[in-house]
Structures are given as C-alpha cells and as structure tokens.
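Structure record follows, encoded as structure tokens.
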Amino acid sequence: MIKAITGTKDILPVDISKWHYLEKLLRETFQFFNYKEIRTPIFEETALFARGIGEETDIVSKEMYTFKDRSETSITLRPENTAGVVRSFIEQSLGAQQSLNKLYYIGPMFRQERPQAGRLRQFHQFGAEVLGSTSPLLDAEMIQVAYHILKNLGLKNLVVKINSLGIPEVRENYKNILRDYLKDKKDNLSEESRKRFETNILRIFDSKIEVDQTIMKNAPLLIDYLDEESKNDFEVVKNYLAKVGIPFEVDPALVRGLDYYTKTTFEIVSGSVGAQSALCGGGRYDLLVEELGGKATPGVGFAAGMERILLACENEKSLNLPQDSIDVYLIRVDSKEPLKCES
RNA sequence: GUGAGCGUAGCUCAGUUGGUUAGAGCACCAGGUUGUGGCCCUGGGGGUCGUGGGUUCAAUUCCCAUCGCUCACCCCA
C-alpha cells in the first residue's frame, strides 16, 4: 500500500471546518488591518533560500527539500515564505508602485525534520510582511495582528516574547563582548555549548543545561549594548504594546534561527501544544531586500504555524464551531413520477 | 541526525508466563421487524498479529534486523 510521505497529513472532511474557520478569520483580520494577499510559488530556486535565510542556518543546511529538475536547475520547496515574498517584491517592482506594501499569505511550507507534536514536514503557515518602512510602530502592529488572531480563536495560554537584536555592527560587537566574557569559563560549558561558542555564540543562551544556565545568568546582554536607534525603536514597540493592552515579556535570550533579522524580534508561545510551543515568530529585516538584489528597503514580518494553532485550539477546546449539518434533505416518495423542480 | 515507547480486523482496543480454529465494541454485508436508510433481533464476511530472519517440537508471544507511527532532543511555525 502506498502511504502518505512521512510528516505529511491528509486533512479530512471531518476536520475541514476548523481550517475554513481559521482561514476566514485570517482574511477578515488582514483585511481589517489593510493587508493584501500575495500568492507566490511553493518552489523557488534554491539560491533564494540559501542567500535569504543564510547558508549556516539549520533550515538551509539540513532541512530543505532540494532537488534538480529536468533542466538541472536546483529547486527547493519553500521552507518559509519571507524569501519568496521578497523575491516577488523585487521582481515585480512592487516598491515602485507604492512606498508601503502590506502583504499577507497563507499556504504550505516544507521542512525535512523528524515529525513530532506540532511539527510536520508539510505544514501550513500564514504570515505578513510589511515592506517600505522603518517605523517600529509596524513591528508592534505585526505583534498586534498575530495576537489579535490568536485571541480571537479563544486561546488563553499565550506569552508574547520580544527582543531586539540591534543592527549588525552592534551584534558583531556584542558577540566579541560575549566571547570575552566566556573565554575563561568556556571549559565549564557543556559540550554542545562549547561547539556553539565557535559556530553561533548567541545560541548558548538557549541551552537548557544547568551548568550553561548558571554561567549565562551573569553574562552581558545584547540588549544593554544596543545602538541608540535600536534602543529607541524597542522602546516604541514596548510602549505601543502596553498602550493596546498586549502583555509581553522581554526575553534577551530570544535569538531567532534565521540570519536576516535586525532590531525587533518576537515570538508568541503557547503552553498548550507540547514541546514545540512557538505558534508564531517574526521580526524586522531591514537588510534582506538589498541582500537579495533589490533596492534597499526595510521590512518586518511574521509567520505562524496553522497546525500548531489548531492543535492549541483543540487542547484548550477554544473553538466553537457550528454544527456540520444539512439544511434541507429531499426524499422522493413516488418513484414512478419524474422529479419536477420549479422555482 | 540522536534517543525512548508502540505496531493484533476499516476504527478503538483486549489477549498470549511460547501450545488447538486469535477476541470484543463500533463500522460493514444479509435476513427479520418497522410507514425512513433510525431503533431492536438473528446471522455473516473480514486478520500474512507491520515486514524479514533467528531460537524452538511449536512464535502473534522470546531474540536480531528492518520499515512505519508516536513522543522527545537539536532547531523551528
């Protein structure tokens, strides 16, 4: 028997009403915040993701579905959609038509990881990208839109985490500071963290191992070394969130796994979905458009996992779906007479 | 890629300290009953016990391998 590929799932008629419900809410919400839908191909040239997301990231180095087509072009099934949207933005000169583009998308993504609760190889994300403004108010709007959607689904067990990674120079400078701090403590770190010391020093903050955590507790924080602009922007984001009543936590250890982020990053996690708790993640990427060959254009965006969100809804029993029932059922009484239908 | 747990009927699961024809509920099929195709009654079909090998007189049960599922690690939505 031929079975579905590992990590892929059929969405059956019994479950489809949940998806329709979610999709309807998404379209209504994005329309309310004045976002336009964009649909880009589910596969792109491999180079787009390698350059956009970063060669050294886990996504690019070990999770992509990459293959050669019949003309020997290296193709990759999109593992996320920011790179694709930015590619389209550049290729179609969307920035030349209006200075600010507010876009959203809904669709399948692909990553070849080991499946587990809340993780699939083909999964669905919705997300938004705003291209053409450096305003931190839009960073906050991203969080507001995502939070609004999750709240509207009745989810309760949510935490909004925010951080700022600053501009690249600041981050490089900070890495040196962190390296100095850890230099003489390095031998006490776990093996994993010693490896990270060389490859991606910021990730040592993520370690769950106790020895690492005690060492990192007193480590200097990136957030204390931010440039003036990043610091001010971060304040604006926090003030805006407070003003619109969205509770948040500043998490200096929030380092996202994609290379393109600058300044604000954020995540919304749920306690209702098992180990893979991030429902939504995003941040600002002011250098990506230029990096991919377009005219320098600032951007900010987020993506959210739809299976994870529906799983959280399921576990919290937060969805009140209308009963799936028929409205009218016609039965023939006389089988001899042909059925006549008049309006 | 690493680790742990689990693979028995279409579905949910019993069961076997190794021993005759492997069970239940639901679903399905047929008949009965009935002014619905519902309820009820009777009967029936359906399983290479994930796959391959090993140990044994004998394996669904024990051992090994393999595949699949689930959860966790890494990382992420």
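Things worth noting here:
- Cross-link partners for A:Lys102 among the lysines, with Cα-Cα distance under 16 Å and sequence neighbours closer than 8 places in the same chain left out: A:Lys36.
- Dividing the mean sequence gap of close Cα pairs (under 8 Å, 6+ apart) by how many residues chain A holds gives a relative contact order of 21 percent.
- Accessible surface of chain A [probe 1.4 Å, protein heavy atoms]: carbon and sulfur percent: 49 percent
- For segment A:35-83, the pair-distance distribution built from all alpha carbon pairs, in bins 5 Å wide starting at 0, is 5, 21, 31, 21, 13, 6, 3, 0 percent.
- Cross-link partners of A:Lys186 among aspartates and glutamates (Cα-Cα below 20 Å; sequence separation of 8 or more within a chain): A:Glu172, A:Glu198, A:Asp206, A:Glu210, A:Asp212
- Max mean-square fluctuation residue, GNM over chain A, Cα-Cα springs under 10 Å, options A:Glu56, A:Glu191, A:Glu314: A:Glu191
- Efficiency of FRET between A:Ala47 and A:Lys208 - r from beta-carbon atoms, R0 51 angstrom, step 0.05: 0.90
- Rounded to the nearest 20 debye, dipole of segment A:98-141 from Cβ charges on Lys, Arg, Asp, Glu: 340 debye
- Amide proton proximity set for A:Thr262, modelled H, under 5 Å, gap of 5+: A:Arg284, A:Tyr285, A:Asp286
- When the Cα gyration tensor is reduced to axis lengths a ≥ b ≥ c, the ratio a/c is 1.5 or higher for segment A:156-315, and with a/b not above b/c it is classed as oblate.
- Contour excess over end-to-end distance, with Cα ends at A:Asp10 and A:Ala296 and 0.36 nm allotted per residue: 98.8 nm
- Cβ-derived FRET efficiency at R0 25 Å, A:Asn157 paired with A:Glu23, nearest 0.05: 0.65
- Whether chain A is rounded, prolate or oblate, judged on the alpha carbon gyration tensor where a/c under 1.5 counts as rounded: prolate
- Label-zone membership for segment A:146-170, site A:Val250, 7 angstrom Cα→C-beta point, backbone N under 18 Å: A:160-167, A:170
- Length-normalised contact order of segment A:39-130 in % [C-alpha pairs under 8 Å, at least 6 apart]: 27 percent
- Among A:Phe123, A:Phe33, A:Phe302, the largest mean-square fluctuation in a Gaussian network model of chain A (Cα springs under 10 Å) belongs to A:Phe33.
- For segment A:127-236, the C-alpha radius of gyration divided by 2.2 N^0.38 Å, with N the number of residues, is 1.32.
- Segment A:235-284 shape via C-alpha gyration tensor axes, a/c threshold 1.5: oblate
- Note on chain A: helix-only mean residue ellipticity at 222 nm, from DSSP H runs of 4+ residues weighted -39500 (n - 2.57) and normalised by residue number, equals -11000 deg cm²/dmol.
The values are calculated or read from the model by the stated rules, or taken from the named source; none is laboratory data. From a predicted model like this one, the values you see are computed outputs, not experimental measurements. Cβ atoms come from the backbone with ideal geometry, glycine included; neighbour counts cover every protein chain shown. What goes into the accessible areas is simple: the full protein's heavy atoms, side chains included, and nothing from ligands, DNA or RNA. Shrake-Rupley method; radii C 1.70, N 1.55, O 1.52, S 1.80 Å.
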